[in-house]
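Novice: Sending over a structure as structure tokens; questions will come in a sec.
The values are calculated or read from the model by the stated rules, or taken from the named source; none is laboratory data. Keep in mind that what you see is a predicted model, and the values were worked out from it rather than measured. Cβ placement follows ideal geometry from the backbone for every residue including glycine, while neighbour counts extend to all protein chains displayed.
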Amino acid sequence: MNVFIIHAHPEPKSLNGALKDLAVESLRDLGHQVQVSDLYAMGWKAVADGGDFHDRENPERMFYGRESKHAFLGGSQREDVVAEQEKLLWADAVILQFPLWWFSMPAILKGWFERVYAYGFAYGVGQHGGERWGDRYGEGTLLGRRALVSMTVGGREAHYTDRGVNGALHDVLWPIQHGTLFYPGMAVLEPFVIYQAGHLTPERWQVEAGRYRARLRGLFTEEPIPYRRQNGGHYDGQQSLKEGLGRGEAGTRIHLLQPGDPPQVPPGQP
């Protein structure tokens, strides 16, 4: 299988760098093909701006989404963007490797998504009208691929629980896992997390490395997070969860499938 790792940390000798290297070695030992985009090493342009377009549709005023659509459909995207899109299409699984900085991914990785997820490639896809609002949230260009967030966290695990001061990890990662990875169709696995990363001892590294190798062995067999699909029949014409669904849950957890829920319509069917 093909695995694409997107790595975002400025220090090659960091814990994130070690996890990236461990993943490459382990996945290749398992017989997988691996490509890595090391964003800092690549000098990735993180800012989405007018410089992303060779041929502007409207040179007087820029609407980034419209210019993105124009470039994607017209075949005039920047070469660095096209190269990353091709890696996504090549991949059977995508791994994001990054440190949790200010409750999100590093800016360079956010900028990667803003530029690579072009209109017509990752959004603005599929039929828009009636009760459908495009092929998104469980459908789309990247359907059939798996995604895994592997990250390091400075705080304690207890900080990221339902009663923890930082909020539940599921909620902290909601914009990334549901809003960025599930949106264009990828099946998202539970994240791999190393807490208190700044206090990692050599002994604990051996434990964490073994734990990560086990997760990598299950990359193509683990059950993904059971997000509801937008077009699976659980949302109404305004893309709001239908009455009677999500009972007993709160917040973002209402968007997880629950025992007894009606079956969802298969992707691509009305």
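Novice: Among the listed residues P175, P224, which satisfies the condition of being part of a loop (DSSP other than H, G, I, E, B), closer than 25 Å to F113 by Cβ and either of a type in the set (D, E) or modelled with pLDDT of 95 or more (or both)?
Specialist: Of the residues listed, the single one that is part of a loop (DSSP other than H, G, I, E, B), closer than 25 Å to F113 by Cβ and either of a type in the set (D, E) or modelled with pLDDT of 95 or more (or both) is P224.
Novice: Mind checking which residues of region 50-61 are closer than 18 Å to Y117 by Cβ and either touching an Asp or Glu at 6+ places or on another chain (Cβ under 8 Å) or surrounded by 15 or more Cβ atoms within 10 Å (Cβ to Cβ) (or both)?
Specialist: Hits for region 50-61 are G50, D52, F53.
Novice: Here is a check on your reading of the model: is F98 touching a Pro at 6+ places or on another chain (Cβ under 9 Å), farther than 27 Å from Y212 by Cβ, among the aromatic types (F, W, Y) and modelled with pLDDT of 95 or more?
Specialist: no
Novice: Quick test of your reading of the structure: E223 fulfils all but one of (1) surrounded by 11 or more Cβ atoms within 10 Å (Cβ to Cβ); (2) closer than 23 Å to G140 by Cβ. Name the failing condition by number.
Specialist: The number of the failed condition is (1).
Novice: While we're looking at this one, here's another question. Being in contact with a Lys or Arg (Cβ under 6 Å, 6 or more places away or on another chain), modelled with pLDDT of 95 or more and closer than 30 Å to L27 by Cα is the requirement here; does F192 meet it?
Specialist: Against the criterion (in contact with a Lys or Arg (Cβ under 6 Å, 6 or more places away or on another chain), modelled with pLDDT of 95 or more and closer than 30 Å to L27 by Cα), F192 qualifies.
Novice: Among the numbered criteria (1) within 14 Å of R132 (Cα to Cα); (2) modelled with pLDDT of 90 or more, which single criterion is violated by I254?
Specialist: Condition (1) is where I254 drops out.
Novice: Kindly list the number of the only condition in (1) surrounded by fewer than 19 Cβ atoms within 10 Å (Cβ to Cβ); (2) more than 20 Å from the chain's Cα centre (by Cα); (3) within 24 Å of E25 (Cβ to Cβ) that fails for E208.
Specialist: All conditions pass for E208, except number (1).
Novice: I would also like to ask the following. In region 248-265, which residues are surrounded by 10 or more Cβ atoms within 10 Å (Cβ to Cβ) and without any contact (Cβ under 8 Å) to a residue 12 or more places away in the chain?
Specialist: E249
Novice: Ok, one more. Among the numbered criteria (1) in contact with a helix residue (DSSP H, G or I) (Cβ under 9 Å, 6 or more places away or on another chain); (2) part of a loop (DSSP other than H, G, I, E, B); (3) surrounded by 15 or more Cβ atoms within 10 Å (Cβ to Cβ); (4) free of Cβ contacts under 8 Å to residues at least 40 places away in the same chain, which single criterion is violated by G126?
Specialist: (1)
Novice: Report yes if some residue within region 190-200 is surrounded by 15 or more Cβ atoms within 10 Å (Cβ to Cβ) and either closer than 24 Å to W133 by Cβ or more than 23 Å from the chain's Cα centre (by Cα) (or both); otherwise report no.
Specialist: Yes, there is a match, as at least one residue in region 190-200 is surrounded by 15 or more Cβ atoms within 10 Å (Cβ to Cβ) and either closer than 24 Å to W133 by Cβ or more than 23 Å from the chain's Cα centre (by Cα) (or both).
Novice: Would a scan of region 103-112 turn up a residue that is surrounded by 22 or more Cβ atoms within 10 Å (Cβ to Cβ) and of a type outside the set (F, W, Y)?
Specialist: yes
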